[in-house]
1. Return the sequence-ordered ³J(HN,Hα) values of the stretch 44-55 in whole Hz as given by the Karplus equation 6.51 cos²θ - 1.76 cosθ + 1.60 applied to θ = phi - 60°, using x for Gly and Pro.
2. For the stretch 7-88, give the magnitude of the charge dipole about the Cα centre (Cβ charges: +1 Lys/Arg, -1 Asp/Glu; no others), in debye to the nearest 20.
3. Once you have the Cα-Cα distance between Q73 and K86, take 0.36 nm times their residue separation minus that, and quote the gain in nm to one decimal.
4. What is the extension gain from A36 to L58, computed as 0.36 nm multiplied by their sequence separation minus the C-alpha to C-alpha distance, in nm to one decimal?
5. With an 8 Å cut-off on Cα pairs and a minimum separation of 6 or more residues, tell me the relative contact order of the stretch 7-88 in percent.
6. Rounded if a/c is under 1.5, else prolate if a/b is larger than b/c, else oblate: which is the stretch 7-88, with a ≥ b ≥ c the root eigenvalues of its Cα gyration tensor?
Amino acid sequence: MPMSGNPRKNARDIGDGFVRLTPVMFRGRSAADPQALRQAVEWELRDTHGQQAPAGDLPVLQARQRRILRLNQALSVLRTYQDAEKPHPWVFPHPATR
């Protein structure tokens, strides 16, 4: 499970392709764990975007794009999980249940 350690190392492992993030991995965890991992993935994504690859080196460019794709996918999973966990602001309890 990627949540058992340093969020920065987990984000690096996700970017390298060693770990694939799924919502099931957050069951039974505190609400701070996905938030810490999300911040680490965003930091890793910014760091990856900042790295310049040589223009003619196709394998390096492909590896960079795959890393960006994996990190973006992890961010999407994290956002979906966090949005599903919080209640919607426009949903009110039915008057009969008050």
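Where a number appears in this text, it was derived from the coordinates with a stated rule and is not lab data. Treat the numbers as computed from the prediction; the structure is a model and nothing was measured. When we count neighbours, we look across all protein chains shown, and the Cβ atoms used for this are built from the backbone with ideal geometry, even at glycine.
1. 5, 5, 4, 5, 5, 4, x, 7, 9, 9, x, 5
2. 120
3. Stretched fully, the Q73-K86 segment lengthens by 2.6 nm.
4. 4.6 nm
5. Averaging sequence separation for qualifying contacts and normalising by length gives 41 percent for the stretch 7-88.
6. Since a/c reaches 1.5 and a/b is larger than b/c, the shape of the stretch 7-88 is classed as prolate.
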